[in-house]
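Note sheet for the following structure.
The values are calculated or read from the model by the stated rules, or taken from the named source; none is laboratory data. Just so it is clear, the structure is predicted and the values come from calculations on it, not from any experiment. Every residue, glycine among them, receives a Cβ derived from its backbone with ideal geometry; neighbour counts consider all protein chains shown. When the accessible area is computed, the model is the full protein with side chains, heavy atoms only, and any ligands, DNA or RNA have been set aside. Shrake-Rupley method; radii C 1.70, N 1.55, O 1.52, S 1.80 Å.
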Amino acid sequence: MSSTAQTLASKRINSLLDENSFVEIGGYVTARNTDFNLSEKETPADGVVTGYGVIDGSLVYVYSQDASVLNGSIGEMHAKKIANLYDLAMKTGAPIIGLLDCAGLRLQEATDALNAFGEIYTKQVMASGVIPQITGIFGTCGGGLAVVPALTDFTFMEDTKGRLFVNSPNALEGNEISKCDTSSAAYQSEHAGLVDVVGSEEEILGQMRTLISMLPSNFEDNSSYIECADDLNRVCPELENCVGDTSIALSQIADNQEFFEVKAAYAKDMVTGFIRLNGATVGCVANRSEVYEEGEKTETFENVLSARGCKKAAEFVKFCDAFEIPVLTLTNVKGYKATKCSESNMARNAAELTNAFISATVPKVNIVIGEAFGSAYLTMNSKSTGADMVFAWPNAQIGMMDAKLAAKIMYADADAATINEKAAEYAMLQSSALSAAKRGYVDTIIEAEDTRKYVIGAFEMLFTKREDRPSKKHGTV
């Protein structure tokens, strides 16, 4: 290993990977530019440690920026080392992880650095959908470097020292960092939705290991399975009580009750993340109307689709489809969020989620756990928009709209007794789980406590699913 072996950059790599598994590549590379007396400065490894190792025995490639070398600034050779690592990762079909701590482009190298940095963007785009890409932000990640995590699949951020921005907070008109720190982990995870997981350095390195262990190595890899020690027919007696907080519901369904949630702080009305079912990784998308923390209800929402929630779910479904990860949805939605802010992006983002579900060719299973009304239900992976199997709990409601509202519209001049009578009739004939099952829109009505075994059985049945689509270059939604 090079002289960078004991730097913080290398320590992060060693903490991330299995013990003694890291092999450094390019440890003797230094800056070759000599302008502005750069040759007089030591640039060991040109400010970035690159190489490969294993996580739980699986090959991964890692680069870690060294802030002790010219503040971790990106020079020509620094960028080329990262680009070359991408080439190796794509050739061998293994994930790549970037640990960022950087002052930006190296001014002494100007266009050489800029051109090489553009090569990183190119490699990232070429690798998208081929291998998983993960970014960790431990220091500054500003300007053009902020595009790097946005081009990867998942971003982790240290909660105190991490800074992520295109324009610094003080450069925004009418703002200063004391008013709103737009570069903070809290802002980027809660408002921007770019950051998936926030925590201490130790926590996010551990979370990266967990995520890598659940993901396939590449889009053709089918070996991301582990032996399941959990009972495949395990009954979940408390599941029916989790209609509000579906993150809890998903953990109950999962093998060993383990759920890895991504973008947990963003658009909390929509839950996205990974579970294992019979040892296989499954991507999950679920509507949420309540948030519980340590047994206490902390937030409530309407069970409607928000623009942010749709965008969050669409990005997640696209990732799952790219890497052949089956998708499970828990549906409890009665319409679209009705606010001025949400309306500006509502149709566009709902279309993006609808497109994501319809375009995905992986196995897709939907469970209607509450309400499923109108076109909002169609956006959430209904039978007509691509779900291979649809289950419903006995008390689920599926149809055009709430029965009482429908009755008020159809019998606008009727008295309250008539409205109630017609609402009950409408609920039975048009919006019950049974009526939907009679028409073939629901495959099976199941008891909530039996959900785990039915979902496992469905995905086992769909394991060999193949689906052809019209030949085209790509969609435009």
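Laid out as a table, the results:
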| read-out | value |
| --- | --- |
| Calculated diffusion of the range 44-143, Stokes-Einstein form, Kirkwood radius summed over Cα pairs, 25 °C and 0.890 mPa s, µm²/s | 181 µm²/s |
| Taking the chain and dividing mean pair separation by its residue count, relative contact order in percent (alpha carbons under 8 Å, at least six apart) | 9 percent |
| Shape parameters for the chain, alpha-carbon atoms, Rg then Dmax in Å | 24.7, 90 |
| 1.4 Å probe accessible area per residue over the chain, in Å² | 45 Å² |
| For His474, solvent-accessible area (1.4 Å; no DNA, RNA or ligand), Å² | 120 Å² |
| Zone of Asn256's modelled label, taken as backbone nitrogen in the range 276-312 under 19 Å from a point 7 Å along Cα→Cβ | 276-284 |
| Cα-projected label distance for Glu220 with Ala110, points at 7 Å along beta-carbon direction, nm | 4.4 nm |
| Distance in nm between pseudo-label sites at Thr361 and Ala417 (7 Å out along the Cβ direction from Cα) | 6.0 nm |
| Cut-off of 10 Å, at most 11 other beta carbons, DSSP loop: longest stretch of the chain lacking such trypsin sites (Lys or Arg not before Pro) | 180-438 |
| In degrees, nearest ten, helix 307-322 long axis to first principal axis of the chain (Cα) | 70 degrees |
| Helix 451-461 axis, angle to the chain major axis (alpha carbon atoms, nearest 10°) | 70 degrees |
| Distance (nanometres) between label positions extended 7 Å along Cα→Cβ at Lys472 and Lys438 | 3.7 nm |
| Inverse mean reciprocal Cα-Cα distance (Kirkwood Rh) of the range 241-308, Å | 12.2 Å |
| Accessible area of the range 137-272 belonging to carbon and sulfur atoms, whole % at 1.4 Å probe | 46 percent |
| The range 312-369 versus the range 49-101: alpha-carbon centroid distance in Å | 33 Å |
| Straight-distance crosslink candidates among lysines, where the alpha carbon sits under 21 Å from Lys91 and sequence neighbours closer than 8 are dropped | Lys80, Lys81, Lys123 |
| Among the listed pairs Lys179/Lys297; Lys161/Lys268; Lys311/Lys383; Lys312/Lys337, those beyond 23 Å (Cα-Cα) | Lys179/Lys297; Lys161/Lys268 |
| Computed Rg/Rh of the range 44-95, alpha carbon atoms with Kirkwood Rh | 1.03 |
| C-alpha long axis of helix 340-359 to longest principal axis of the chain, angle in ° | 90 degrees |
| Equivalent ellipsoid semi-axes, the range 195-253, via Cα gyration tensor eigenvalues times 5, rooted, Å | 26, 20, 11 |
| Cα-derived Rg to Rh of the range 324-383, Kirkwood definition | 0.99 |
| Sites Asn233 and Lys297, calculated FRET efficiency, Cβ-Cβ separation with R0 41 Å, nearest 0.05 | 0.85 |
| Signed unit charges on C-beta, dipole axis of the range 246-342, positive-most listed residue Thr246, Asn303, Ala286 | Asn303 |
| Value of relative contact order over the range 89-174, rounded to a whole percent, pairs C-alpha under 8 Å and six or more apart | 32 percent |
